[in-house]
Structures are given as structure tokens and as C-alpha cells.
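Shown next, in C-alpha cells, is the structure this report addresses.
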2 protein chains.
Amino acid sequence: MAKAEYTLDSVRGALIREEDTIIYGLIERAKFPTNSQTYTHNYTGIPGFSGSLLHFVVINTEAVQAKAGRYKNLEENPFFPENLPPSLVTSYPFTQFLHAGTASININKSIWKLYIHELLPLFVASGDDGNYAQTAASDLSLLQAISRRIHYGKFVAEVKFRESPQDYEPLIRAKDTEGLMKLLTFESVEEMVRKRVEKKAMLYGKDVTLNNDDDDNDGNIKKYKVDPSVASTLYKKWLIPLTKDVQVEYLLNRLD
Amino acid sequence: MAKAEYTLDSVRGALIREEDTIIYGLIERAKFPTNSQTYTHNYTGIPGFSGSLLHFVVINTEAVQAKAGRYKNLEENPFFPENLPPSLVTSYPFTQFLHAGTASININKSIWKLYIHELLPLFVASGDDGNYAQTAASDLSLLQAISRRIHYGKFVAEVKFRESPQDYEPLIRAKDTEGLMKLLTFESVEEMVRKRVEKKAMLYGKDVTLNNDDDDNDGNIKKYKVDPSVASTLYKKWLIPLTKDVQVEYLLNRLD
């Protein structure tokens with residue numbers, strides 16, 4: 001989602017495109033059953049490592065990606081920022097758009113917990129097929145997409161702040177979290193997002209044969225790889241509120 | 001795609017489901033422009049490493065996945081099998097379905113070359129946005145999906161062989177590659193696969209808004225994230241023929 005320039009339009013476009021990535025991610029994770037061994041503490045028995053297999057795969061894949069320069073783009077936020085190795089590649093001149101000191105805003109620890117304990121049980125079939133590494137890899141892709149969406153709130157907030165600083169500055173100075181949240185909330189837009197992601201989940205998660213028609217309204221939920229209501233629940237319960245939390249947190253630090 | 005049992009139906013189902021993964025992968029890779037620095041030899045300048053950034057990301061991510069047990073499932077074939085670290089996790093009892101000695105059939109070196117030099121130029125916009133690590137990660141997912149599809153030919157061949165060994169054995173003993181290829185070729189099925197993946201690429205790669213209708217036939221190609229003809233070309237030129245090559249290679253080793 002790197003953009004040479006960030007504008008209300010570009011930020012809106014990036015969020016809409018990220019919906020697709022998240023829905024593909026849900027569908028791909030649903031290929032595998034729960035595979036609970038992926039999440040069990042110390043199933044791995046890996047010498048010198050204490051944690052779940054998911055933890056092992058994520059922390060080590062993030063290390064590879066960090067060396068390859070992933071986190072030089074501030075749209076990306078690691079799940080294990082502690083002891084992340086530095087980039088080993090020539091630096092690319094990413095636009096420095098965010099206010100200094102806000103890069104450290106990172107709520108991935110909360111995202112991690114809600115993903116495992118609340119989101120997965122909503123859409124993954126119970127069972128064990130032994131593909132724990134593959135499961136962890138698809139978890140990582142989906143976690144990264146969700147995290148990118150939520151932390152993109154920093155860019156949304158910066159764009160909005162630059163558009164009308166006069167609206168934000170008094171609230172920031174008063175540390176008026178509630179007032180900021182109100183200023184960032186548009187019920188009708190949120191409702192539209194939830195409806196759109198549900199529609200996308202229907203289209204993208206369809207079982208396609210050459211002779212079925214493309215009517216979405218035949219009420220046959222079994223043909224979807226992920227129940228479309230899971231996508232709208234994900235947005236309603238977590239993605240929309242958490243993106244706003246990140247925006248508020250960003251704005252509270254915007255004048256420092 | 002692990003199955004407790006492999007049958008003609010289960011194998012067919014796995015191949016159809018893999019089409020979706022491949023199309024999501026194409027769409028996700030198309031999020032990024034070419035980003036040619038990802039593929040340039042020695043752009044990385046990583047101490048002690050000689051190769052492209054893609055090479056660096058794939059070989060190191062495969063090492064993490066290998067430790068997590070990925071390649072214990074013979075449906076998975078690494079791009080860099082040389083010096084792959086062993087699995088560090090408790091072994092899962094995967095069904096041993098393939099004939100002994102066929103696990104080493106691996107045409108990933110050819111897949112790697114055609115992916116970079118022939119497939120990518122077909123559907124990726126030219127340009128550079130600096131997201132090389134992210135680009136390499138999406139390349140890896142797509143490469144793995146394509147490789148899984150093609151090497152699944154081993155399972156297809158084993159199922160077919162068990163169904164009617166009397167048809168295959170004489171051809172295998174005569175090393176009749178052409179005869180085997182003929183026995184494995186069903187033009188009408190291949191045509192159906194190409195049409196179905198094109199239809200899937202249309203549905204899954206659509207830009208969705210709340211008020212557009214779902215008509216696929218309005219001839220507006222711009223609304224697709226990846227030109228649907230790329231999906232059918234990929235299947236026609238590479239996936240279908242290479243899967244058959246793997247089947248023939250497998251069968252030629254089936255009686256050893």
C-alpha cells in the first residue's frame with residue numbers, strides 16, 4: 001500500500017483494497033481445520049524455544065522479512081518488534097508522512113490475542129490435518145493484513161489532521177479522547193463498509209462451476225468458503241473500532 | 001490439501017480448490033508493481049549471501065517452514081531442497097500414499113524460471129514502490145501454490161495407476177512417454193478447467209461496490225485486478241502441461 005503521496009482518496013482506496021486481501025486471507029485460512037497444535041504452548045519442543053508453533057513461525061519469518069527491508073515502510077508493523085534484526089538491503093526513500101515518534105504505536109499484541117481466541121473459532125472447522133506449518137503461514141498472512149488495516153489508522157489520522165487541524169488541535173490539547181472519537185466516527189460509512197465486505201466475501205468465497213449463475217441471493221450459504229457474515233462481524237467488532245483507536249492514539253501524540 | 005485418503009474425487013476436489021488459491025495469489029501479487037530490485041542478482045548486498053532478494057526471502061522462509069514440519073507432507077515441495085533443515089516438531093502420521101522414491105521428483109527450478117521471466121511480465125504493472133520484501137512474500141505464496149498444483153500430479157498419477165494398473169503397466173515397462181501422455185490427456189476436461197479459472201478470475205478479481213450489479217459480461221476489463229485471460233493462459237501454457245509432465249515422470253518410476 002505504499003503511496004508516493006497520501007490523500008483522503010488514496011487512503012480510502014488503500015483501505016478498500018485491503019478488504020480484498022483480508023477476505024482472501026480468511027478464505028485461505030479456512031482451507032485448514034483448527035489444527036490446535038499450531039497454537040498450543042510448547043507443542044513444538046524446539047530446543048531453545050518456548051512458545052507455540054505459530055509464535056515460532058511468525059517471529060522467525062518476521063526476522064527474514066525485516067532483513068529484506070519490510071519494516072522500512074511504516075505501513076508495516078511487526079508482531080514481535082523486540083530484537084527484530086535490522087534491514088540488510090539498500091534503503092528505499094519511502095515518503096516520511098507520519099508525525100515523528102508515532103511509529104511505535106503498535107497494538108499487535110491485542111490483535112494476536114483476539115485473532116486466536118475470538119476470530120479463528122468463528123470460521124474455522126474443527127479438526128486436525130497435520131499441516132501446522134502451512135496453517136501458521138496462512139495465519140501470518142492474515143494477521144499481517146489485519147494489522148496493516150488497523151495500523152493504517154495512523155495514515156488516515158494524519159491525512160484528516162492535515163485537512164482540518166483547527167478541528168483537531170483543541171481536542172488533542174484537551175486530551176479529549178471521546179471528542180476525537182466522535183469526530184472520527186461516521187456511522188453511515190461504517191455501515192457501508194460492513195455491507196461491502198459481506199458482499200465481497202460472497203463473491204470471492206463462492207464455489208464456482210461453469211454452469212451456475214452468479215446470483216448472490218439464492219440463500220444457499222453452504223456454497224461459500226467462509227460465511228460472509230464473519231467478514232462483516234470482523235469489521236464491525238474489531239477492524240473498524242481498532243482502526244479508530246489507533247487514530248485517536250496517533251492524534252493524541254500528534255502535537256508532541 | 002492433506003487428505004486421510006486419496007481418491008479420484010478427493011484429488012479432483014483438491015485441484016479445483018487450488019485454483020482459487022492460485023487466483024487469489026495472482027491478485028495479491030498484482031497489488032505491487034514489478035519491483036525489479038526483488039529479482040536483481042546481488043541487489044541485496046547481504047553479507048555472505050549471493051543471489052536475488054527473492055532468493056534470500058524464499059530460502060530463509062523455507063528453512064523456517066521446514067523446521068515447523070511443512071515438508072513432512074509430501075504435497076509440499078521446496079524450491080531449495082538442498083541443505084533444508086530438518087523438522088523440529090513432533091511428526092504427524094501423514095498417509096504414505098506415494099510410491100517409494102518418488103518424493104524427489106521436483107521441477108521447482110523450472111517453475112522458478114518461468115514464474116519470473118514469463119508469468120510475472122504478463123500481469124504485473126511496471127514500476128517500483130520499494131516494497132521488495134512484501135513483493136517477495138507474495139511471490140513465495142504464489143510460487144508455493146503453483147508448485148503444489150503441479151506436483152500434485154504425483155497424487156493424481158498414483159490414484160489413476162491404482163484404478164487401472166493394467167492400462168499403465170505395459171506403457172511404463174516400454175518407457176512409452178508418449179503413450180502415457182496420451183492416456184493422461186482429456187482435451188475436453190482441460191478446456192473446462194481453463195474456462196473455469198477464467199470465470200473465477202473474473203469473480204474473485206472484481207472491484208466490488210455496493211451498487212454495481214454482478215454481470216460478468218459487460219466487457220469492461222479494467223474492473224478486474226488481474227486480466228482473467230492471464231489465469232487461463234497460466235493453466236493452458238504451464239500448469240496443465242507441467243502437471244502432466246510430473247504424472248508421466250511419476251509413472252515412469254512407479255514400478256521401480
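About its Cα centre, the dipole of region A:8-252 is roughly 400 debye, where the only charges are +1 on Lys and Arg Cβ and -1 on Asp and Glu Cβ.
Coupling constants for region B:199-209 follow from the phi torsions by the Karplus curve (6.51 cos²θ - 1.76 cosθ + 1.60, θ = phi - 60°), and in residue order they are 5, 4, 4, 5, 5, 7, x, 6, 7, 9, 10 Hz; glycine and proline get x. Normalising the Debye intensity of the protein assembly as shown to I(0), with uniform scatterers on Cα atoms only, and taking log10 at q = 0.11 Å⁻¹ returns -0.99.
If you plug the beta carbon distance of B:A125 and A:E191 into 1/(1 + (r/R0)^6) with R0 = 41 Å, you get a FRET efficiency near 0.80. Considering only B:D129, B:D227, B:D139, the Gaussian network model of chain B with Cα springs below 10 Å gives its largest mean-square fluctuation to B:D129. Rolling a 1.4 Å probe across all protein chains gives A:F161 an accessible area of roughly 10 Å². Here the convex hull built on the C-alpha positions of region A:1-108 has a volume of 134 cubic angstrom per residue. Using a cut-off of 10 Å between beta-carbons, work out the net charge of the residues near A:V156 (Lys and Arg +1, Asp and Glu -1, A:V156 not included). Around A:V156, the surrounding residues sum to +3.
With each label modelled as a point 7 angstrom along the Cα→C-beta vector, the B:E178-B:E163 pair spans 2.5 nm. Pairs with C-alpha atoms separated by more than 29 Å, drawn from the list A:K31/A:K236; A:K225/B:K154; A:K223/B:K236; B:K109/B:K206; A:K154/B:K199, are B:K109/B:K206; A:K154/B:K199.
For the chain pair A and B, the interface hides roughly 4900 square angstrom of accessible area in total, found with a 1.4 Å probe.
Could you quote the convex hull projected area for region A:8-252, Cα atoms only and averaged over all directions, in nm²?
Quarter of the Cα hull surface area: 16.0 nm².
Could you point to the residue in A:T135, A:M202, A:V57 farthest towards the positive end of chain A's charge dipole, with +1 and -1 charges on the Cβ of Lys/Arg and Asp/Glu respectively? Farthest along the dipole direction, towards plus: A:V57. With contacts taken as Cα pairs under 8 Å at a separation of at least 6 residues, chain B carries a relative contact order of 27 percent.
Taking a label point 7 Å from the Cα of A:L114 along the Cα→Cβ vector, which residues of region A:14-34 have an amide N closer than 17 Å to it? Zone members listed by number: A:19, A:22-23, A:26.
Counting only GluC sites (Glu not before Pro) that are in a DSSP loop and have at most 14 other C-beta atoms within 10 Å, tell me the longest site-free stretch of chain B. Result for the longest clean stretch: B:83-256.
The values are calculated or read from the model by the stated rules, or taken from the named source; none is laboratory data. The structure presented is a predicted model; accordingly, all values stated were derived computationally and were not measured. Note that we place each Cβ from the backbone using ideal geometry, even for glycine, and neighbour counts take in every protein chain shown. For accessibility, only protein heavy atoms count, side chains too; no ligands or nucleic acids. Shrake-Rupley method; radii C 1.70, N 1.55, O 1.52, S 1.80 Å.
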